[in-house]
Amino acid sequence: MGSLAKMSKKRYRGGILKLFNKKNIISLAVILAVYFIVQFFISNGSINDYIFTNVVLIGINIILALGLNLITGFTGQFSLGHAGFMSIGAYICAIVTAKLGLPFAIGIILAAISAAVIGFLIGLPTLRLKGDYLAIATLGFGEIIKNIFFNIDYVGGASGFNDIPFYTNWTWLYFSVVLTVVVVNNFIKSYAGRACIAIREDETAAEAMGVNTTNYKILAFVIGAFFAGIAGALYANYICLLKPDSFGFLKSIDILVIVVFGGMGSITGSIFGAIALTVISAFLQSFPELRMVIYSLILFFIMIYRPQGLMGTKEFSLGFLKKRGGLNAKAQDK
C-alpha cells in the first residue's frame, strides 16, 4: 500500500511538472499579454466600435472554423449544417438572457450543451453516411432548424428576436477563442484525435485496426457542435437581434470556405483563414455592388494557385519558421 501511495504521488508530481513546464508558462504569459494589451487599447478608445465589431466577427469565425475543421478537416466528414448548431446556441442563449434573465455565463453553457446534444442526436443516424450523402443530410438539418425558428412566435418567428442583452465583450470573446483553440489542439493530440485523423486518411483501414469509426465521428461532431453553440451565444449577445435567415445555407458555406481557405486539418490555418476572410469582407463593404464578385474572384484565384489552403495540414510555430528558413538557406547555397 505504501509503495502504491508513493507511485501515485510521483505521478501527480510528474503531471504538475508537465503542466507547468517552460513552454506552457511562456504560452500563458503570451495569452495574458495579448489580452491586457488589447483591453488597454479598448479602454482608452484606440479601438473604435467598427474595429471592435470586426474583432468580434473574427473571434466568432475562428470558433466556428475550428469546430467545423475538427469535423471536416481532421475527421474527413463533409458537413454543411454547421450554421444550424450556431443558431441553436444563439437562440438558447438569447432565451436564457433575455426571457429568463439569467447570467450570460449560464446562457453560454446551456447554449453549448444544447448544440452538443442536438449534434449527438443528428450525428447518430447521419454519420453512418459518407461523402455526398452526409453533406445532403447535414444540409437538410440546417434548413430544418432554420424553418423551426421561423415558426416559433416565442423567439420572434420571421420578424426576429429583439431586445437581447448586450453581454459579449473582449473578455468573453478572447477567452472563448482561447478555450476553443486549447481544447481542439489537445483533442487532436490525444488518442481520440489520432483516431479521427486515421478515419480521415482511410476509414476502412481504421476499422480494420479496431477503431470504432462511428463513435469517433460522433465525438468529433459533438465537440464541433459544442463550440458552434458558444459562437452562436457570443453572436446573439453582441448583435442583440436574431433572424433565422442569418443561419441559413450560405452561413454554413461561409464557415466551410474559411476552413478550406486556411487549410483543412490545420488549427492555425483556420485562425489565419478566419482573420484574412473577415478583414477582406470588411474592406469590400466599401464596394457593395461589387463586393461578392471581388470576394468570389479572390477565393477563385487562391483555390487555383493554393488549393491546399494557406497552411495545408501544417501548423504555424517557431519550429515551422526555422524549418522554412533552413530550406531557403539551402536553396540560396545551391
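Checking each residue in the stretch 151-170 for being part of a helix (DSSP H, G or I) and loosely packed, with under 15 Cβ neighbours inside 10 Å picks out 153, 154, 157, 158, 159.
Screening the stretch 180-194 for residues that are free of Cβ contacts under 8 Å to residues at least 40 places away in the same chain and in a helix (DSSP H, G or I) and picking the one that is nearest to residue 73 (Cα to Cα) gives 194. Is the stretch 119-135 home to any residue that is surrounded by 14 or more Cβ atoms within 10 Å (Cβ to Cβ), at pLDDT below 90 and among the acidic types (Asp, Glu)? Taking every residue of the stretch 119-135 in turn, none turns out to be surrounded by 14 or more Cβ atoms within 10 Å (Cβ to Cβ), at pLDDT below 90 and among the acidic types (Asp, Glu). Pairing residues of the stretch 42-58 that are closer than 15 Å to residue 172 by Cα with residues that are of a type in the set (S, T, N, Q) and part of a helix (DSSP H, G or I), at Cβ distances under 6 Å and at least 6 apart in sequence or on separate chains, gives 57/278; 58/278.
Just one residue in the set 23, 99 is at pLDDT below 95 and either among the acidic types (Asp, Glu) or over 20 Å from residue 185 (Cα atoms) (or both); that residue is 99.
Looking at 72, 53 in this structure, which one is hydroxyl-bearing (Ser, Thr, Tyr) and within 30 Å of residue 217 (Cβ to Cβ)? Break it down stepwise before answering.
Working: 53 fails: within 30 Å of residue 217 (Cβ to Cβ).
Criteria check complete, one pass: 72.
The set of residues in the stretch 246-304 that are among the aliphatic types (A, V, I, L, M), closer than 20 Å to residue 81 by Cβ and in contact with a Leu (Cβ under 7 Å, 6 or more places away or on another chain) comprises 255, 256, 257, 258, 259.
Within the stretch 33-87, being among the aromatic types (Phe, Trp, Tyr) and within 30 Å of residue 204 (Cα to Cα) holds for 74, 78, 85. Tallying residues that are under 23 Å from the mean Cα position of the chain (by Cα) and under 17 Å from residue 278 (Cβ atoms) within the stretch 24-49 yields 1.
The values are calculated or read from the model by the stated rules, or taken from the named source; none is laboratory data. Remember, predicted model here, so these are calculated numbers, not experimental data. Positions of Cβ are generated from backbone atoms using ideal geometry, with glycine treated the same way; all protein chains shown enter the neighbour counts.
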